[in-house]
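Here's the structure, in structure tokens; my notes come after.
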Amino acid sequence: MITPNDTARLLIEALPYIRRFTGKTLVVKVGGVPMTDPALARSLAKDMLLLHSVGIRVVLVHGGGPQIDAQMAQAGIAVKRVEGLRVTDADTLDIVRMVLVGKTNRDLVAAINALEPVAIGVAGEDGRLLEVEPVDERLGFVGRVTRVRGALLEALHDDGLIPVVSTVGADAQAQPYNVNADDAARAIAVAMGAEKLIYLTAAPGLLDDPADPASLVHRLTAAEARRRIADEGVTGGMIPKLLSCAEAVEGGVGSAHMIDGRTEHAILVELFTDEGIGTMVTP
């Protein structure tokens with residue numbers, strides 16, 4: 001049981017971090033896995049509201065891979081990937097937009113607004129927030145972000161709102177494209193000069209030994225992250241996330257973090273405690 005003294009110590013520990021980050025921009029990317037658990041979705045909503053309430057300018061960016069896969073299976077459409085990226089033809093793009101913009105985004109906005117009406121949903125194609133170009137003709141309508149209209153998100157912050165961004169971008173002709181959510185979050189963080197970029201993952205962070213949670217790497221520089229990737233010391237889905245973290249801080253973001261999105265209030269523990277909970281990448 002947490003005693004009143006325990007609570008007081010936690011608040012005292014958190015105070016200097018709150019002072020440091022007040023007025024700064026924080027970009028949080030959440031994937032589809034944490035959102036499949038209603039308790040984790042509520043925990044995330046509470047974290048977003050708390051950060052907003054202490055004056056941190058939060059942007060929540062989301063994917064929705066598992067939800068898209070489920071909807072495609074229901075529609076009888078096979079999932080195809082090239083080098084880990086979803087092949088997105090016209091039919092798949094319709095499902096991506098329906099799931100990300102019409103369902104997942106609305107659910108996240110509703111979860112925050114049930115606590116306080118401060119969240120607003122924005123699709124990357126709205127107002128050309130995320131302008132993109134095709135990644136590879138083999139992938140169809142999959143886009144790479146070339147420009148972020150950060151002023152749109154800044155204006156929403158100035159109005160006291162939390163932007164919740166679904167990662168469907170558009171090209172100069174308004175053609176929608178599916179955008180990798182990790183890349184979109186990085187591009188937004190760089191464009192806004194964010195203090196921090198946080199990836200909520202389905203892992204504790206970067207592990208020296210993937211089979212040993214106790215081997216968590218708490219901190220490393222962008223150069224060290226790139227060396228680990230080059231030396232094949234990182235495998236699987238951790239490679240693009242670690243690379244995104246390195247690219248973010250090289251682009252001017254203060255620090256990038258990979259933390260376990262399956263842990264309730266992981267964001268608050270990472271931001272407001274001395275020890276933190278995940279892996280932090282610094283310049």
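The values are calculated or read from the model by the stated rules, or taken from the named source; none is laboratory data. Keep in mind that this is a model prediction, so the values were computed, not measured. Please note: Cβ atoms are built from the backbone with ideal geometry, for glycine as well, and neighbour counts cover all protein chains shown. Note: accessible area is taken over every heavy atom of the protein model, side chains too, but ligands, DNA and RNA are not part of it. Shrake-Rupley method; radii C 1.70, N 1.55, O 1.52, S 1.80 Å.
The set of residues in region 160-205 being in contact with a His (Cβ under 6 Å, 6 or more places away or on another chain) and either over 18 Å from Leu100 (Cβ atoms) or free of Cβ contacts under 8 Å to residues at least 12 places away in the same chain (or both) consists of Ile198 alone. Name the pairs: first residue in region 58-79 and among the polar types (S, T, N, Q), second residue part of a loop (DSSP other than H, G, I, E, B) and open to solvent by 10 Å² or more (accessible area, probe 1.4 Å), Cβ to Cβ under 9 Å, at least 6 apart or on different chains? As it stands, the answer is Gln71/Ile77, since those pairs meet every condition given.
Just to be sure before I move on: is Ala184 closer than 18 Å to Arg128 by Cα, at pLDDT 95 or above, of a type outside the set (Lys, Arg) and assigned to a helix (DSSP H, G or I) in the structure I sent? Taking the combined requirement at face value, the residue satisfies it.
Screening Ala248, Ala223, Ala256 for residues that are at pLDDT 90 or above and under 12 Å from Thr279 (Cβ atoms) leaves exactly one candidate, Ala256. The residues of region 15-46 that are closer than 17 Å to Glu195 by Cα and either open to solvent by less than 60 Å² (accessible area, probe 1.4 Å) or in contact (Cβ under 8 Å) with a residue 60 or more places away in the chain (or both), listed by number, are Tyr17, Ile18, Phe21, Gly23, Lys24, Thr25, Leu26, Val27, Val28, Lys29. State whether one or more residues within region 199-217 are at pLDDT 95 or above and at positive phi. No. Of the residues making up region 197-211, those that are open to solvent by less than 60 Å² (accessible area, probe 1.4 Å) and part of a loop (DSSP other than H, G, I, E, B) number 5.
Suppose the filter is assigned to a helix (DSSP H, G or I), closer than 19 Å to Ala256 by Cα, open to solvent by 50 Å² or more (accessible area, probe 1.4 Å) and out of contact with any Lys or Arg (no Cβ under 9 Å at 6 or more places or on another chain); does Arg9 pass it?
No, not satisfied.
For Leu44, state whether it is closer than 27 Å to Val179 by Cα and in a strand (DSSP E or B). Considered against the rule, which asks whether it is closer than 27 Å to Val179 by Cα and in a strand (DSSP E or B), Leu44 comes out as no. Taking the conditions (1) open to solvent by 10 Å² or more (accessible area, probe 1.4 Å); (2) under 18 Å from Gly55 (Cα atoms); (3) not β-branched (Val, Ile, Thr) in turn, Ala194 satisfies each one other than (1). Would you call Ala73 over 27 Å from Leu115 (Cβ atoms) and over 21 Å from the mean Cα position of the chain (by Cα)? For Ala73, the condition - over 27 Å from Leu115 (Cβ atoms) and over 21 Å from the mean Cα position of the chain (by Cα) - is met. The residues in region 51-78 that are in contact with a strand residue (DSSP E or B) (Cβ under 7 Å, 6 or more places away or on another chain) and open to solvent by 30 Å² or more (accessible area, probe 1.4 Å) can be counted, and the count is 2.
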